[in-house]
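**Student:** Before I ask anything, here is the structure I am working with.
The values are calculated or read from the model by the stated rules, or taken from the named source; none is laboratory data. In this text, all values refer to a predicted model and were calculated from it rather than measured experimentally. Positions of Cβ are generated from backbone atoms using ideal geometry, with glycine treated the same way; all protein chains shown enter the neighbour counts. The protein model used for the area step is the full one, side chains on, heavy atoms only, and it has no ligands, DNA or RNA in it. Shrake-Rupley method; radii C 1.70, N 1.55, O 1.52, S 1.80 Å.
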Amino acid sequence: MICSFCREPAILSQRYLGRHLCQRHFLEDFERRVAGTMEKNGMVKDGERIVVAVSGGKDSTALLFSLHKILAGRDVEMVAVTVDEGIAGYRDDTIRAARAIAEKLGIEQEIVSFREMYGYDLDEMVQGKDVAPCTYCGVFRKNALNQTAKRLGMTKVATGHNLDDEAQTVMMNYLKGDMERLMRFRPRRAQPGLVPRIKPLRDMPEKEIALYCMVNGVFTESRECPYANLSLRADVRDLMNRLESLFPGTRQTTMQGFEKIAQIAGGDWAQMELGKCRVCSEPCVKDLCKACELLGKLKG
Ligand code: SF4
Ligand SMILES: [Zn+2]
Ligand SMILES: [Zn+2]
């Protein structure tokens, strides 16, 4: 297979665009598209201080690596924040990888843990309970990143969510009929107490992110989280992967359809005013944030 833009051998087939790319054109295309997503959505302005959530997996590694390159020479500061949820046999490896990539790029790193912030590891939170670990993990991770960003005086939180994640989330909300959550999934306008979140990789397929890490020599093989298969997301991921291989471009059209529906629905849901949690003062929809609600249940 030959690159669609030169005579070099292709390393990637972008079936959804009907073209093949050699290494040089793949890297150019990847970084141009990430920069384009950031530009189009006004994600980063000069003078910003960005927390980059770096778990050490391939998505966050690619995020840190590409932001470091794309934002070079701009007046933008980055701190890599790694959240240790406390998942035995899994997180230690990825934390090591997160430390390595931050060191390699000369970016300051801060590690925070569920145990320090909430008093429990994720393993302890879910042990022996009939609960979805990913729900606990997601709620506390978001809370930890927001609190850490505020403590460090940062203006944005960047996460490594990719196109596959985004399309899965939209599909999961369709399947559950959860239109409120679906609408809240749109970028929100600034709210007091909530450091705005950005997802620079949201238009990039997971497969290309893995290839980007490999080509740049920063790919680290990591085990899958032991809880990953317990969620609806795992089934939706398999379904979307199957659809994508039968009908290339399904993920992009899923997101385009969602954007159209969100526009028709108007902004009320997404722009809902947030209040303050009566326990921890973090911003939330009701008067008790989800993290405090879950902590209350844990303490019984
Ligand atoms: S798979 Fe679930 S439990 Fe594991 S790191 Fe991801 S969100 Fe957390
Ligand atoms: Zn080429
Ligand atoms: Zn709270």
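**Student:** What do you reckon, is L298 closer than 28 Å to K150 by Cβ and open to solvent by less than 70 Å² (accessible area, probe 1.4 Å)?
**Tutor:** Answer is yes for this residue.
**Student:** Identify all residues within segment 49-58 that are open to solvent by less than 10 Å² (accessible area, probe 1.4 Å) and either touching a helix residue (DSSP H, G or I) at 6+ places or on another chain (Cβ under 7 Å) or hydroxyl-bearing (S, T, Y) (or both); write none if there are none.
**Tutor:** Listed by number, the residues that qualify are V51, V52, V54, G56.
**Student:** Report, by residue number, each residue of segment 266-292 that is more than 9 Å from ligand 3 (Cβ to nearest atom) and either modelled with pLDDT of 85 or more or closer than 15 Å to Y118 by Cα (or both).
**Tutor:** Hits for segment 266-292 are G275, P283, D287.
**Student:** Residues to consider are T135, T148, T169; find the one that is open to solvent by 30 Å² or more (accessible area, probe 1.4 Å) and either of a type outside the set (F, W, Y) or in contact with a helix residue (DSSP H, G or I) (Cβ under 6 Å, 6 or more places away or on another chain) (or both).
**Tutor:** Result: T135 is the single residue among T135, T148, T169 that is open to solvent by 30 Å² or more (accessible area, probe 1.4 Å) and either of a type outside the set (F, W, Y) or in contact with a helix residue (DSSP H, G or I) (Cβ under 6 Å, 6 or more places away or on another chain) (or both).
**Student:** Can you name every residue in segment 172-185 that is assigned to a helix (DSSP H, G or I), over 27 Å from S281 (Cα atoms) and either open to solvent by 10 Å² or more (accessible area, probe 1.4 Å) or touching a strand residue (DSSP E or B) at 6+ places or on another chain (Cβ under 9 Å) (or both)?
**Tutor:** Within segment 172-185, M172, Y174, L175, K176 meet the criteria.
**Student:** For segment 97-114, state whether one or more residues are farther than 29 Å from C284 by Cα, in contact with a Phe, Trp or Tyr (Cβ under 8 Å, 6 or more places away or on another chain) and more than 16 Å from ligand 3 (Cβ to nearest atom).
**Tutor:** There is at least one residue in segment 97-114 that is farther than 29 Å from C284 by Cα, in contact with a Phe, Trp or Tyr (Cβ under 8 Å, 6 or more places away or on another chain) and more than 16 Å from ligand 3 (Cβ to nearest atom).
**Student:** Still on this structure, I have one more. Scan segment 1-24 for residues that are within 13 Å of ligand 2 (Cβ to nearest atom), out of contact with any strand residue (DSSP E or B) (no Cβ under 8 Å at 6 or more places or on another chain) and touching a residue at least 24 places away in the same chain (Cβ under 8 Å) and report the count.
**Tutor:** Number satisfying all stated conditions: 1.
**Student:** Can you tell me which condition T148 does not meet? The list is (1) of a type outside the set (A, V, I, L, M); (2) over 15 Å from the mean Cα position of the chain (by Cα); (3) closer than 28 Å to D238 by Cβ, and all the others hold.
**Tutor:** (3)
**Student:** Take the residues in segment 6-20 that are assigned to a loop (DSSP other than H, G, I, E, B) and within 19 Å of D203 (Cα to Cα), then tell me which one is nearest to ligand 3 (Cβ to nearest atom).
**Tutor:** Y16
**Student:** On to the next question. Read through the list (1) open to solvent by 60 Å² or more (accessible area, probe 1.4 Å); (2) farther than 23 Å from E206 by Cα; (3) polar (S, T, N, Q), then give the number of the only condition that Q109 fails.
**Tutor:** Failing condition for Q109: (1).
Listed here are the residues, each with its yes/no results for (1) of a type in the set (A, V, I, L, M); (2) closer than 19 Å to K207 by Cβ; (3) surrounded by fewer than 21 Cβ atoms within 10 Å (Cβ to Cβ); (4) within 16 Å of ligand 1 (Cβ to nearest atom).
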{"site": "S4", "(1), (2), (3), (4)": "no, yes, yes, no"}
{"site": "C22", "(1), (2), (3), (4)": "no, yes, yes, no"}
{"site": "A35", "(1), (2), (3), (4)": "yes, no, yes, no"}
{"site": "G42", "(1), (2), (3), (4)": "no, no, yes, no"}
{"site": "G47", "(1), (2), (3), (4)": "no, no, yes, no"}
{"site": "H68", "(1), (2), (3), (4)": "no, no, yes, no"}
{"site": "V83", "(1), (2), (3), (4)": "yes, no, no, yes"}
{"site": "G86", "(1), (2), (3), (4)": "no, no, yes, yes"}
{"site": "T94", "(1), (2), (3), (4)": "no, no, no, yes"}
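**Student:** If the requirement is being within 16 Å of ligand 2 (Cβ to nearest atom) and open to solvent by 30 Å² or more (accessible area, probe 1.4 Å), which of these qualifies: L211, L230, L243?
**Tutor:** Answer to the selection: L211.
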